[in-house]
Every structure is written in C-alpha cells, then in structure tokens.
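Here's the structure, in structure tokens; my notes come after.
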Amino acid sequence: MDRAQFHIRDLHVRFRTQAGELHAVKGVSLSVARGETLAIVGESGSGKSQTMLAALGLIASNGVVTGSATLSGQELIGASERVLNTIRGATVTMIFQEPMTSLDPLFTIGQQIIAVIRRHRKLSQSEARAEAVALLERVRIPDAANRLAAYPHEMSGGQRQRVMIAMALANRPDVLVADEPTTALDVTIQSEILALLAELQRDMGMAIVFITHDLGVVRRIANRVAVMRYGEIVESGPVRQVFDAPRHAYTRALLEAEPGGTKAAVAADAPVLLAAEQVRVHYAIRSGFFGRAKRVIRAVDGVSLTLRRGETLGVVGESGSGKSTLGRAIVKLAPASGMIRFEDRALVPLSRAEMRPLRRSLQMVFQDPYGSLSPRMTVGEIITEGLLVHEPALSAAARDRRAAEALEEVQLDAALRNRFPHEFSGGQRQRIAIARSMILKPQLVILDEPTSALDRSIQKAIVDLLRDLQKRHDLAYLFISHDLAVVRAMADKILVMKDGLVVEQGPRDELIRHPREDYTQRLLAAATQTGFLAG
Amino acid sequence: MVLFVLRRFLSAIPTLFVVVTLSFFLMRVAPGGPFDLEQPLEAKIMENLNRAFGLDRPLIEQYGRYLLNLLSGDLGPSFYIRDFSVAEILLKGLPVSMTLGSLAILLALVVGTTLGVIASLRQNSGVDYAVIGFATAGVTIPNFVVAPLFQIIFGLMLSWLPVGGWNNGAVRNIILPVIVLALPQIAVVARMTRASMIEALRSDHVRTLRSLGMGQRVIVLHALRGAILPIMSYLGPTAAALLTGSVVVETIFGLPGIGRYFVEGALNRDYTLVMGTVVVVAIFVLLFNMIVDILYALLDPRVRYE
C-alpha cells in the first residue's frame, strides 16, 4: 500500500491581476508520508508558499487552482469551504512565518487555543481548557495554566510561535505545513523551535512539509527536499543526495550562494578612525500618576571599540541586544554619553550643526530596503540628496553625473536613475541605498543588517559588493548583523552584544574557533546547527 | 482603570478652560453687541441695559465674573431671549437634541456596520457596489435637500408621518428627523467598516483562523472586533456633535432642540447664550472622547491604562 499521506499532483496556481494572468505555480507534484519531513526550498517568489496555500484552499481570492491535492484519499482542490473547514485544523494544519501577527491581538491565547480544540472535538469548555494547558506545557510555555489569560503582545516572538504550534497540533493532525516558521526568530530561538518540532514529530508521527529559503535548516531537519524556482520543482530527492550531488544548475547555485571567503586583514599600522569608550544609551521611561516614577532602559551600557581605516568590525547580537542602537549612537542618531572619537574629533559634545559637516564621512545603510527609500522620489533624487547638503555649489548637471557614477559603482545601470524605488527588487534597492552613502565619499559606513531582508544568493552579491567597495575606497565598516555567516565573510573583528553589554570582543577567527564566553558558544552552536555556519 | 479615568477627567479641565477663554474673547472681538438693533436705542437706555448686565465693566472683570459664575454652574441670563436664563433654555432644548442625536448614532452604528460587513464579505459584487453607491450618495447629498424631500414624500404624498413638530417626542414625529440625521453617518460608517473589514479579513491572524478550519461566523467576529476600533474613534466626536443638535434638521422639522441657539445666539450677539452652548458642546466632546478611549482600552488589550 502507498504509505504517502499527502499527495499533490500537477498543481497549477494562476492569479488574475490587472497586469494579466500570473502563472505562479506550474505543475508541481509532491508527496509526503507519515513521520517524514519534506522541505520545499526556494527563494522569494519561487511559488513554494503558494503551492501549499493553494493545496489547503487558503489562497487569495483572485487565485485559480487546478490539479489535485489529496489527503488520505480525500480530494482538497475544489472541495467546498464547509468540507475544507472540517479538514483544516483537524487533519492538516499550517504554521506561518510571522509570529507577531499570526495570532489575533485582541483575544487571549487561551481563547484562541480553546476555540480550535472545540471546533473539531466535542469537548466541554473545562475539558478543552485542560487540554489547552497540556498543549502549552507540551510546547514548553512556562507556567502554562496562567499563561492562558495572556494576550499575544505579552509574549515574545519565540513564545508566540510555540503557541502557534500548540494550536496547529491541538487536534493531532496527520500533516503539518510549516511556512518559514523560524525565519523571523533569533538563531538561538530558531534552534529551539526546530528541536521542538522534531520532538513533536517523533511523538505524534505527523508528516511535516517545511517551507524555507534556508538550506541550513533543510540539512538539519528534512528527510527529502524539493527545490523550487519560478513555480516549478527543478530537483527533488533525499536531502543528502541532493546536497552532495546536486544535478540541477540552480541547486548548485543555491548551495554556493552561502557567503564564503573572508576579508584580508588590514595593516597593523593603519590609523585608528573611530574610537569609542564606555558608550551608553539610556532611555528613561516615565510612568505613574503624573509621570514621576522613572524606569531606565539601558539599551547600550558601556561599550568600547576601535576601528581602523579599511577595517570591518562585526557587531553580533540577537534582537534587543542593543547592536542597532550602538550603530545609531555612533552617528549621533541616538542620545549617547561616553567618549566617541572620529579621527581627532570628539562627537558626543557636538551640536547638530557642528555634527552636520562630519556626517558625510559617517554614513549609514539600513536593513529594510523597502522602507528606507522615499517612494515619491526618483532614484537619482534619492542618491543626490546628500550632495545638496554637503556640496551645495554643485550644478545640476554635475550632480547628475555623480549619480550616474555612484550607480555604476554599485553595478546598477546608470540609465535607471529616473525611475522610482518600487520598480526595483530588494537587492537592487539595497544597492541604491549603498550608492546614496557612497556618493558622499564616506570614510566610515555603519551597515545595520544590510543583507537580512534579502535572499541568500542576493546576500552573497551584496557582501561581494561591500567588500569590493571597501578595498577600493579604504572604507571602515561597522557591520551590524545577527547572521554569523555573513559577519564571518565581512569582518576583521567581531563584537558580541547581549542586553546592551559587550559579551566578548576579538579577532574574527579566534572568536569563532575559540569563543571564551558561554553566550558566544551558544550563539555559535545554534548557528552551526541551523546551518548558518557550515561545519 | 479608575486612575486612568480620573486622570483623563482631570486633564479635561484645562482644555475646557482654554475653550471657554478663547470663545469668550473671540465673541467680544466681533463687532456689535447684544443690544444693537436696527433702530439704535437711546444712549441712556443703552447705558442702563449695559449696566444691568454688567457690560459696562472692564472686559477682564467680566471674564473673571463669568468664570466664577461658571464654577457654581451659573451660565448667566440670556441677553436676547429676555427673562430666561441660559441654563433654562439649554435644559429645555437639550433633551430634544439628545433624543434625536442618540437615536441617530445608534441607527448609524447598527445599520452602518451591518452594511459595511455585508459589502466586505461580498467584495466587488452587486451588493458591494450598491453599498458603496449609497455611501457616496449619503455623504454628498446635503441634509437640507434630503429633509424636505422626505417631508414631501412621507409627509405630504404618502401621509405616513407628520412633516414636523416635536409633539412631546412622539415616535411618529421623530422618525424622519432621526433618519435624516443618521443618513450621512450611516454612509460614513458603512464605508469605514467595509474598508477596515477588508483589511482585517486579509490579515495574518484571519489566515490563521482559516488554516485551522474556523467557520465564517468566527472569522467575521474576529475581524469585526479589530475593524470596529477606528470606527469608534470616528463616532466619538460625531456623537458629541449630533447630541448637541443640528441647526438644519431642527429648523426644517420645527424641533425645539439647542442646535439653533448656536446660530441665533451668535447672530444676536447673545454672549451668554453662545458661551453656554460652547460649554455644553465642549463638555460633550471631551466626554465622548473619554468614553472612546475607555472603550478602546477595553476592546484592545494592547492599549495601556497608564
């Protein structure tokens, strides 16, 4: 007998859009059996999520699905909403990438879990409540009975994802579809969630379809893998076989896309460009009847660092560690105390006006290439805006020439400078953001997670570009990231932060090979397990 | 929670003070006075009148006296509607305006959200277009057109309802004015509900509900609870405006509410009457904003009381 539980055969998804029909999924076939984990890998837009959403009837209303998806012989494509509602949540469930928004913020997690249980099983309120407590304990939410009354915003991202898993597994489904469930989480939490899923699978024996862009995760948890591109499966098979001997060129490209190589060290006598001692950023939170009582949040609490010309310092930490605040403090975008010296000038006492001429040497590139470019300005206008401040005497023609040069420097077609940001992909936008800072010929660039919102292959290209620019212009980088693989490829030195404090600081290879502190070891272990760092 | 209400209450006092001060002096900046008639009064009579009402005193003294009286709840005598105090006038008219206004708000909330939800669930269908069309018409056609039209159709041609009069608030008499008052609000609420429901139905947590097999009823309930929040923010100040009367509707239907005193008082330079209406409206606005904030905090656990 065929032991596969869940079959998808020749599935097509077409979206009717104003620009015409978009053929998002083109004849995908796959199957997964009980106790097995199938990973679907691909970059954004490959159709990996749409395939599974379509199979469960969860696709947007302008989507048309053809083909077949069967669960234990029951056809799902074309089934009525009523029939699907008896299957979804009971025999097949799904968890999603966004732990922050996937739970209803207006209902307690207890209300939400109990509703799912009682929807599919005939249990009384108190029986369902007991069941919900047991589920929360199962996904290791501490103090489960009391946490039922908590609202989602009172929990961390990792805990919310645990609650999502509890809801998805509440009725012991045969198939769990997990759509990038760990992508939005810190590495250590990611590692815990993956371990939890594997453990629950051993206990309950369900099949897991794991959608991800992250090959490291695939290596760690999947039995079989299907690689998708442009709505098609280009290669599939057992994980080891596909990874060790990829047959398709795209699979090989994906495997090679993990950022590699390291940066050449700078000369020992390179001049110190930036020196910071005991930098602190404290925020006072007012509360109480008339705002008298104060609580102080120590976002950055006594960080010291030095950076030489041509050197890169990688600042690593999980969300909330204060790494981004440190970056902003150095360029005086956050209120800092302590000593920050750039070349021979102390920055902390400078006024806004005194700081302004220095800003052209101290540039910043942000994580979100979608939010950090004004949608109403052309690329040329965005790039040259800084010149209006720092070189006001420049003629319009000269500015335009500089814009063209800057775009060429980041390997974009200079003819594109009259277009608007929405016409560009995420990777291209990040190049535009880099061009915006490069046009001012800075000496130090603060890079705040510049690759985190991008696909792996694009990350690699941006890392290559940044290293190339650094070599050409003798730039110093402060590279802020949670991603150790990218930091290893970029940095000379690494500084690990947690709760506003420096955990450990040292040369790249020494810190990665021989971490002294417990927290660094845990961070590295999590990264290695989830494949951020191979080997 | 109690602390939250108390603090909101206390912070309303300075706002009220600013409103009273501004309107007091703005009224006095306007040329003319309460006793300037088409036929000018004799200088002696004018002088006596001004003395009798304390208008001969320095402005700052008048202001101080008004504030003191206000603190003890005295809104002063009306300058134009002789022999009546402002408090008497407002207390007589307020129940009429509040009855009409509260019924209109209730109607707008119930009918508006229902239409909006139906339209959002049948997006781009005939029903949806009908609701959008109605919403556009409701906002664009002014009430001084709708009101006489209703009087002609339902009052004169069909003889179903009286064309006007208060008649001690008989149901037959208030149906038309309430509908006329509510129509534009129904339209706005329907449009807002539709828009925020469509957004809510596309949200991640509704996708979660669908992925867990929850039915349409549960999904609408969850989406509506989130969608209702912006509507409340809109309805708060709107309710304050409706409860304090509408000049047009009260005039056309011949109703003894307080809405018309605003215009009458201002035209006649009836300082105390205008100040009285301003105080009442300001209190209503502050009160309803506070009610909205409290409801918001009750409905959305992310809003803190502190």
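Are there chymotrypsin sites (Phe, Trp or Tyr not before Pro) in segment B:1-98 that DSSP marks as loop and that have at most 15 other Cβ atoms within 10 Å, and which are they?
For chymotrypsin sites (Phe, Trp or Tyr not before Pro) across segment B:1-98 that sit outside H, G, I, E and B with at most 15 neighbouring Cβ atoms in 10 Å, the list reads B:84.
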HN-Hα J couplings of segment A:368-373 from phi, Karplus 6.51/-1.76/1.60, θ = phi - 60°, integer Hz, Gly and Pro as x? 8, x, 8, x, 9, 10
Chains B and A: accessible area buried, summed over both chains, 1.4 Å probe, nearest 100 Å², reads 2500
Indicate the residues belonging to segment A:123-157 that lose 20 Å² or more of solvent-accessible heavy-atom surface (probe 1.4 Å) upon moving from the chain alone to the assembly of all protein chains, ignoring ligands and nucleic acids. A:151, A:153
How many angstrom lie between the C-alpha centres of segment B:49-70 and segment A:1-69? 79
Can you give me the C-alpha center-to-center distance between segment A:108-148 and segment B:148-179, rounded to a whole angstrom? 55
Can you list the residues, at least 5 places off or on another chain, whose amide H is less than 5 Å from the amide H of residue A:304, using H built in the peptide plane? A:278, A:279
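How big is D, in µm² s⁻¹, for segment A:43-98 by Stokes-Einstein at 37 °C and 0.692 mPa s if Rh is the Kirkwood radius over C-alpha pairs?
Details: Rh = 12.1 Å.
Result for D is 271 µm²/s.
Based on the Cα gyration tensor of segment A:147-287, what are the three equivalent ellipsoid semi-axes, each the root of five times an eigenvalue, rounded to whole Å and given largest first?
Equivalent-ellipsoid dimensions as semi-axes: 35, 31, 12 Å.
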Let me see the pair-distance distribution of segment A:263-397: every alpha carbon pair, 10 Å bin width, integer percents in order. 10, 30, 33, 21, 5, 1
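Before rounding to the nearest 500, sum -39500 (n - 2.57) across all DSSP H runs of length at least 4 in chain A and divide by the residue total; then give [θ] at 222 nm in deg cm²/dmol. Before the final figure, lay out each step's value.
On the way: 19 runs with 195 residues, N = 535.
For chain A, the value works out to -11000 deg cm²/dmol.
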per DSSP, antiparallel bridges as share of beta bridges in the protein assembly as shown, % nearest 5, sits at 60
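For chain A, which span is the longest to avoid every loop-located (per DSSP) member of chymotrypsin sites (Phe, Trp or Tyr not before Pro) having at most 16 other Cβ atoms inside 10 Å?
A:1-229
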Whole-number percent relative contact order across chain B, with pairs defined as alpha carbons under 8 Å at least 6 apart: 28
Please report, in whole Å³, the volume per residue of the convex hull around the C-alpha atoms of chain B. 172
Pull up the cross-link candidates among the lysines for residue A:460, meaning alpha carbon to alpha carbon under 23 Å and not fewer than 8 places away within one chain. A:48, A:263, A:323, A:471, A:493
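Checking a compactness column here: for segment B:92-257, what do you get for Rg(Cα) / (2.2 N^0.38 Å), N being the number of residues? Write down the numbers at each step before the final one.
Working: Rg = 18.2 Å, N = 166, 2.2 N^0.38 = 15.3 Å.
Normalised by 2.2 N^0.38 Å, the Cα Rg of segment B:92-257 equals 1.19.
Let me have the relative contact order for chain A, percent, based on Cα pairs under 8 Å that are six or more residues apart.
Working: 1036 pairs, mean separation 79.9, N = 535.
Relative contact order of chain A: 15 percent.
What translational diffusion coefficient, to the nearest whole µm²/s, does segment A:5-84 have by Stokes-Einstein, given a Kirkwood radius computed over alpha-carbon pairs, a temperature of 4 °C and 1.567 mPa s viscosity?
Rounded to a whole number, D works out at 99 µm²/s.
Per residue, how many Å² of accessible area does the protein assembly as shown show with a 1.4 Å probe?
46
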FRET efficiency for residue B:10 and residue B:153, using Cβ-Cβ distance with R0 set to 51 Å, rounded to 0.05: 0.55
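Going through segment A:1-47, which trypsin sites (Lys or Arg not before Pro) have at most 10 other Cβ atoms within 10 Å and a DSSP loop state? Could the numbers behind the result be given before it?
Details: sites: A:3, A:9, A:14, A:16, A:26, A:34; in loops: A:3, A:34.
Filter output for segment A:1-47: A:3.
So for segment A:42-82, averaging the separation of alpha carbon pairs under 8 Å that are six or more residues apart and normalising by length, what relative contact order in percent results?
29
Report the Stokes-Einstein translational diffusion coefficient (µm² s⁻¹, integer) for chain A, Rh taken as the Kirkwood radius over Cα pairs, at 20 °C with viscosity 1.002 mPa s.
Working: Rh = 25.6 Å.
D, rounded to a whole number, is 84 µm²/s.
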List the pair-distance distribution P(r) of segment B:1-131, using every Cα-Cα distance, as the percent of pairs falling in each 10 Å bin from 0 up to the bin containing the longest distance, rounded to whole percents. 9, 22, 25, 17, 14, 9, 3, 0
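The values are calculated or read from the model by the stated rules, or taken from the named source; none is laboratory data. All figures in this text were calculated on a predicted structure; none of them were measured in a lab. Positions of Cβ are backbone-derived with ideal geometry, glycine not excepted, and every protein chain shown enters the neighbour counts. Surface accessibility is based on the protein's heavy atoms, side chains included, excluding ligands, DNA and RNA. Shrake-Rupley method; radii C 1.70, N 1.55, O 1.52, S 1.80 Å.
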